[in-house]
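Take a look at the structure set out below.
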């Protein structure tokens, strides 16, 4: 049973955005607050740079504004330089563990799923991160969008064996 | 200082900070930047229903849930203490087009005339909130990531499948905004 699960689940812990290697170190649960702190900064940037604005997303897809292209482009450049330096200098984590990277494997889901997400992104004006910042900004009705996104993920999980990958 | 912070932040500041989240998470604990997997963890925690895709130890990924919890708190802090009194500036062509569809309130980041509990009881609101949310959840998991996991983390690590995914996101978005959304907004 365990074996079967590993075969079908080609995404988990390798292709997905989850942490790929399991840490040998066991930390108390409250260590996770450091990630919450990073999230707080991310949430503030989302709002202050209007990344969570439905209007900014429409302007992006109508080529009426450079803003979102600038944000994502700068983030990729800064991220790429950082990843390059981490690899080059073999930088370790604050706990002295090695930082690891896993190559993503191509599957057709990146095209089909990508197109489907793109359609949803332009309707809601939000990708998953901004949905939570929108909720925090007081747009309480966004809880419905988040619940529906959970339902979408659940339906994908239910029918993934039948979908082309 | 506080004056500068309450103004809308330029793209290069926001982009640089978001870019720096990538190494910060890696250095704090070898975590790969990503958000949409949280929707999966939430399903795994609440409704695993014997589906193999949701039967894994989601608690091991709880850092990611703390991360989005932080985003939510960041949204609250920013709105309560750092918000700008000026209205959001919108491209005049977009404002003109939206006015045709009866969307005239540009005061918030989220258009209240489209995304509210009242709007949920209209066909347009139902399609946009429930339908749109569903496509986001289904599509991101099918693609194996969202703007964070693919467009930022994946491209930073020069993963070509992430480039394929990112291009697909953009094509989907262009199709929706320019060809399909006008029909939905007209409902």
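The values are calculated or read from the model by the stated rules, or taken from the named source; none is laboratory data. Everything numeric in this text was worked out from a predicted model, so none of it was measured. Reconstructed Cβ throughout: ideal geometry from the backbone, glycine too, with neighbour counts over all protein chains shown.
Take the conditions farther than 27 Å from residue A:44 by Cβ and buried (at least 18 other Cβ atoms within 10 Å of the Cβ) and apply them to residue A:146. Does it pass?
Values: farther than 27 Å from residue A:44 by Cβ: no; buried (at least 18 other Cβ atoms within 10 Å of the Cβ): yes.
So residue A:146 fails the test.
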Looking at (1) outside the structural domain of residue B:177 (by TED's automatic domain parsing); (2) at pLDDT 95 or above, which is the only condition residue B:136 fails?
-> (1)
By residue number, the members of segment A:39-83 that are under 15 Å from residue B:173 (Cβ atoms), at the interface with chain B (Cβ under 7 Å from one of its Cβ atoms) and over 16 Å from the mean Cα position of the chain (by Cα) are A:53, A:54, A:55, A:58, A:59, A:61, A:62, A:64, A:65, A:67
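Just to be sure I understand, how many residues within segment A:149-165 are in a helix (DSSP H, G or I) and more than 19 Å from residue B:46 (Cβ to Cβ)?
Initially, segment A:149-165 is screened for residues in a helix (DSSP H, G or I), giving A:149-162.
From what is left, the residues that are more than 19 Å from residue B:46 (Cβ to Cβ) are A:161-162.
Going through segment A:149-165 one residue at a time, the tally reaches 2.
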Would you tally the residues in segment B:29-40 being at pLDDT 95 or above and surrounded by fewer than 24 Cβ atoms within 10 Å (Cβ to Cβ)?
-> 0
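What residue, of B:102, B:19, is modelled with pLDDT of 90 or more and either more than 7 Å from chain A (Cβ to nearest Cβ) or farther than 24 Å from residue A:40 by Cα (or both)? Before the answer, list the steps.
Working: B:19 fails: either more than 7 Å from chain A (Cβ to nearest Cβ) or farther than 24 Å from residue A:40 by Cα (or both).
On inspection, the qualifying residue turns out to be B:102.
Among B:185, B:123, which is in contact (Cβ under 8 Å) with a residue 24 or more places away in the chain and surrounded by fewer than 16 Cβ atoms within 10 Å (Cβ to Cβ)?
On the way: B:185 fails: surrounded by fewer than 16 Cβ atoms within 10 Å (Cβ to Cβ).
Result: B:123 is the single residue among B:185, B:123 that is in contact (Cβ under 8 Å) with a residue 24 or more places away in the chain and surrounded by fewer than 16 Cβ atoms within 10 Å (Cβ to Cβ).
Name the helices (runs of 4 or more DSSP H) wholly within segment B:85-187 that hold at least 2 residues that are over 20 Å from the mean Cα position of the chain (by Cα) and within 30 Å of residue B:7 (Cα to Cα)? Can you show your working first?
Details: elements: B:92-100, B:123-126, B:132-143, B:160-175, B:181-185.
Answer list for segment B:85-187: B:92-100.
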Any residue at all in segment B:62-83 that is at the interface with another protein chain (Cβ under 7 Å from one of its Cβ atoms), at pLDDT below 95, surrounded by fewer than 18 Cβ atoms within 10 Å (Cβ to Cβ) and over 26 Å from residue A:59 (Cβ atoms)?
-> yes
Condition test on residue B:52, is it modelled with pLDDT under 90 and surrounded by 16 or more Cβ atoms within 10 Å (Cβ to Cβ)?
-> yes
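Within segment B:87-96, can one find any residue that is facing chain A (nearest Cβ under 7 Å) and crowded, with 23+ Cβ neighbours inside 10 Å?
Taking segment B:87-96 as the starting set, the residues that turn out to be facing chain A (nearest Cβ under 7 Å) are B:88, B:90-91, B:93-94.
Filter once more, keeping what is crowded, with 23+ Cβ neighbours inside 10 Å: none.
The answer is no, given that none of the residues of segment B:87-96 is facing chain A (nearest Cβ under 7 Å) and crowded, with 23+ Cβ neighbours inside 10 Å.
Just to be sure before I move on: is residue A:70 farther than 16 Å from residue B:148 by Cβ, at pLDDT 95 or above and either touching a strand residue (DSSP E or B) at 6+ places or on another chain (Cβ under 6 Å) or surrounded by 18 or more Cβ atoms within 10 Å (Cβ to Cβ) (or both) in the structure I sent?
On the way: farther than 16 Å from residue B:148 by Cβ: yes; at pLDDT 95 or above: yes; either touching a strand residue (DSSP E or B) at 6+ places or on another chain (Cβ under 6 Å) or surrounded by 18 or more Cβ atoms within 10 Å (Cβ to Cβ) (or both): no.
Against the criterion (farther than 16 Å from residue B:148 by Cβ, at pLDDT 95 or above and either touching a strand residue (DSSP E or B) at 6+ places or on another chain (Cβ under 6 Å) or surrounded by 18 or more Cβ atoms within 10 Å (Cβ to Cβ) (or both)), residue A:70 does not qualify.
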Could you tell me whether residue B:50 is out of contact with any helix residue (DSSP H, G or I) (no Cβ under 7 Å at 6 or more places or on another chain) and within 7 Å of chain A (Cβ to nearest Cβ)?
-> no
